[in-house]
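Asker: Here it is, the structure, as structure tokens.
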Amino acid sequence: MDDLLALLNEYRIIVGALLTVFLTAVALWKWWDRVSFWWLRVMVHLPVIGKIARLSRNLDYDRRTGWFQSEQEICAAFLPYYESARPDSRYFDDCLSYLRKVQELGRNPLSLWGWLLLAVLVFLEALGFSYVLAGYTIPGASEALQEKGALAIAFLIATIMVFFTHWAGHELHHNTLVKKVRTWYTTGGETRHPMVPNTRVSLDNEHVDDDEPAWRQLLNRLPANASVTPGYKVTGLTLFLILFIAVGATYVRGQVLETTLIEQHNPENAVDYPGPYDGIGVPPEIRRDQEKVDAEIKEETEESERKGGWATFIILAIVFVFLQIIGILTGMKTGFAGKESAKAHRVIGHFGNGDEFVAFHERKRNRVARLAQMSLGKLQGRMLDRAASVHIDGKAHELLRHSAERDFHTYVRDRSRAEKRADDPVTPVAGEPASPGGDDGTEPDEAQVLEWMEKFGWDRARTLRFLRDNMPVRPGRRALTEEEALELLLNSAANRPEPGAGEDRGEGV
């Protein structure tokens, strides 16, 4: 240990640099969203080479939408961070439902401190036999070089074993879920469905399999082979590595011990000190008896050293194996096997309920929108200043003078309308002319549909059908009030027969 501390002190600059790089990489990985958003803001406002400085020189615009290309680009840069904040408690509930169906609700990933603790434990254990291995790996090297080689070998072994043991634990956890699927399928006497997953299931399409049996809900979210059977390739390879390293290191240690004992008790290496009976005329018979006793004592000492050394090496091998078993068990108890379980856990990880989730993401979305609008306003001001010094057409100059009409929220709304139009070209979006479809040639807009879906507790198709039948907005006729609409709803429900299997009952009213 003293040699290790001395070596670390000698190379403290290099060790400090490596630790700094490692911790920086971990911080970037853990807080990448914050770091990347901060970097975006820096790159937007940098003078000369920043986005605002560059884009303000581009005065091209889209005649159809009235948006300048520069304005759209600056808004598009902030849009991913705005959309990543989803202040919707239903999404929080969907993540809980996903983890519940995949049987991983309550699990957590292994923390950074857990990874470091496992790595340090395996490193310290590997350090014990890496010195022995270094002597054979770098034969003839100096003591200082062998110490460096021992550190490198210990680090290599620790890295490999921590990775493989954790991976094996994940495989065993995955196999447990696969076995659960097969057990539920068999004991339930399932004959309606083959053992194949529903590929439409995802975190954004969570409730598509609510009516399916529990075994299929689990299978829908679990990566599995075609036969839905457990596999042990990683576990087998990991066990082979553990036994190979434990037995191999013990064998090498034993050979070093045997070599040391031979050198210690080799007569050629013994120093010829005067014996207690030299020079006093001891009879040969007594001398022979004494030499025989000395040889027996030497042999017993050598045998004791050999037994003690081998016992120590075997204990160290057992400790090494148990450390690897701890790594495997840690892998079984942490992490996720579901396709999107890790993503779902990240969503609900730091929130106690849906209200906390919504409040956090509302604050995040408002902050992104405020900073995006600030950048857009600064860009529009720069573009207006540039327009005063260059020749542009009257339409562009008019658009720049009314740039306040094009803010970040307007960009988000326009983009959302375009996406809805692309996904569902039949259904009109809010604020756009409705296409024929009702008995009077009109349809409710998207805002009405969403509002009444929430009030009724119905799905989209049923809500839209009810609004078409009972709430048409005919020319010259006023729209129904909420009281009138609810009265129509109650009358409709009273006159409608009981819904059959698979029909929505509308309990949400």
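The values are calculated or read from the model by the stated rules, or taken from the named source; none is laboratory data. Bear in mind that the values here come from a model prediction, so they are computed numbers and not experimental data. Here the Cβ positions follow ideal geometry from the backbone for every residue, glycine too, while neighbour counts run over all protein chains shown.
Asker: Taking into account only those residues within region 243-281 that are among the charged types (D, E, K, R) and closer than 28 Å to Ala317 by Cβ, which is modelled with the lowest pLDDT? Talk me through it step by step, then tell me what you get.
Answerer: Looking only at region 243-281, we keep the residues that are among the charged types (D, E, K, R), and these are 253, 258, 263, 268, 272, 278.
Among the residues that remain, those that are also closer than 28 Å to Ala317 by Cβ are: 253, 258, 263.
On the way: Arg253: 77, Glu258: 73, Glu263: 68.
The selected residue is Glu263.
Asker: Out of region 43-71, which residues are free of Cβ contacts under 8 Å to residues at least 60 places away in the same chain, within 22 Å of His409 (Cα to Cα) and surrounded by fewer than 11 Cβ atoms within 10 Å (Cβ to Cβ)?
Answerer: Asp60, Arg64
Asker: Separate question: For Leu40, indicate whether it is within 30 Å of Ser389 (Cα to Cα), touching a Phe, Trp or Tyr at 6+ places or on another chain (Cβ under 8 Å) and surrounded by fewer than 20 Cβ atoms within 10 Å (Cβ to Cβ). Outline the logic, then answer.
Answerer: On the way: within 30 Å of Ser389 (Cα to Cα): yes; touching a Phe, Trp or Tyr at 6+ places or on another chain (Cβ under 8 Å): yes; surrounded by fewer than 20 Cβ atoms within 10 Å (Cβ to Cβ): yes.
Considered against the rule, which asks whether it is within 30 Å of Ser389 (Cα to Cα), touching a Phe, Trp or Tyr at 6+ places or on another chain (Cβ under 8 Å) and surrounded by fewer than 20 Cβ atoms within 10 Å (Cβ to Cβ), Leu40 comes out as yes.
Asker: Quick check on this structure: which one of Leu156, Leu172, Leu177 is at pLDDT below 90 and assigned to a helix (DSSP H, G or I)? Outline the logic, then answer.
Answerer: Details: Leu172 fails: at pLDDT below 90; Leu177 fails: at pLDDT below 90.
One residue alone meets the criteria, Leu156.
Asker: Between a first residue in region 370-387 that is free of Cβ contacts under 8 Å to residues at least 60 places away in the same chain and a second residue that is of a type in the set (Phe, Trp, Tyr) and part of a helix (DSSP H, G or I), which pairs have beta carbons less than 6 Å apart while being 6 or more apart in sequence or on different chains?
Answerer: These pairs meet every condition: Gln373/Phe408.
Asker: If Met161 satisfies all but one of (1) at pLDDT 85 or above; (2) more than 21 Å from Phe313 (Cβ to Cβ), what's the number of the condition it fails?
Answerer: In the conditions (1) at pLDDT 85 or above; (2) more than 21 Å from Phe313 (Cβ to Cβ), Met161 misses (2) alone.
Asker: Report, by residue number, each residue of region 380-397 that is touching a Ser or Thr at 6+ places or on another chain (Cβ under 6 Å) and either under 14 Å from Gln72 (Cα atoms) or not in a helix (DSSP H, G or I) (or both).
Answerer: Gln380, Met383
Asker: Just a yes or no: is a residue in region 206-229 under 23 Å from the mean Cα position of the chain (by Cα) and of a type in the set (D, E, K, R)?
Answerer: Yes.
Asker: Follow-up. Would you be able to tell me the number of residues in region 199-208 that are touching a residue at least 40 places away in the same chain (Cβ under 8 Å) and part of a helix (DSSP H, G or I)?
Answerer: Of the residues in that region, 2 qualify.
Asker: Let me ask you something else. Any residue at all in region 336-352 that's closer than 30 Å to Ala85 by Cα, acidic (Asp, Glu) and part of a helix (DSSP H, G or I)?
Answerer: Filtering region 336-352 down to residues closer than 30 Å to Ala85 by Cα leaves 336-352.
Now drop any that are not acidic (Asp, Glu), which leaves 340.
Next, only the ones that are part of a helix (DSSP H, G or I) stay: none.
No, there is no match, as no residue in region 336-352 is closer than 30 Å to Ala85 by Cα, acidic (Asp, Glu) and part of a helix (DSSP H, G or I).
Asker: Just need a number here: residues in region 199-242 that are among the acidic types (Asp, Glu) and farther than 14 Å from Ser97 by Cβ.
Answerer: Pass one, region 199-242, residues among the acidic types (Asp, Glu): 204, 206, 209-212.
Filter once more, so that each one left must be farther than 14 Å from Ser97 by Cβ: none.
Adding up the residues that qualify gives 0.
Asker: Here is a list of conditions, (1) more than 30 Å from Gly128 (Cβ to Cβ); (2) at pLDDT 90 or above; (3) of a type outside the set (A, V, I, L, M), and Gly236 meets all of them except one; can you say which number that is?
Answerer: Result: Gly236 fails condition (1) only.
Asker: Kindly establish whether Lys307 is loosely packed, with under 12 Cβ neighbours inside 10 Å, under 30 Å from Phe164 (Cα atoms), charged (D, E, K, R) and at pLDDT 75 or above. Working first, answer last.
Answerer: Working: loosely packed, with under 12 Cβ neighbours inside 10 Å: yes; under 30 Å from Phe164 (Cα atoms): no; charged (D, E, K, R): yes; at pLDDT 75 or above: yes.
No.
Asker: Is it true that some residue in region 184-199 is modelled with pLDDT of 90 or more and β-branched (Val, Ile, Thr)?
Answerer: So far as region 184-199 goes, no, none of its residues is modelled with pLDDT of 90 or more and β-branched (Val, Ile, Thr).
Asker: Kindly check whether there is at least one residue in region 98-114 that is buried (at least 19 other Cβ atoms within 10 Å of the Cβ), among the aromatic types (Phe, Trp, Tyr) and at pLDDT 80 or above. Talk me through it step by step, then tell me what you get.
Answerer: Taking region 98-114 and keeping what is buried (at least 19 other Cβ atoms within 10 Å of the Cβ), we get 98-99, 101-104.
Keeping just the survivors that are among the aromatic types (Phe, Trp, Tyr) gives 98.
Then keep just the ones that are at pLDDT 80 or above; that gives 98.
The answer is yes, given that some residue of region 98-114 is buried (at least 19 other Cβ atoms within 10 Å of the Cβ), among the aromatic types (Phe, Trp, Tyr) and at pLDDT 80 or above.
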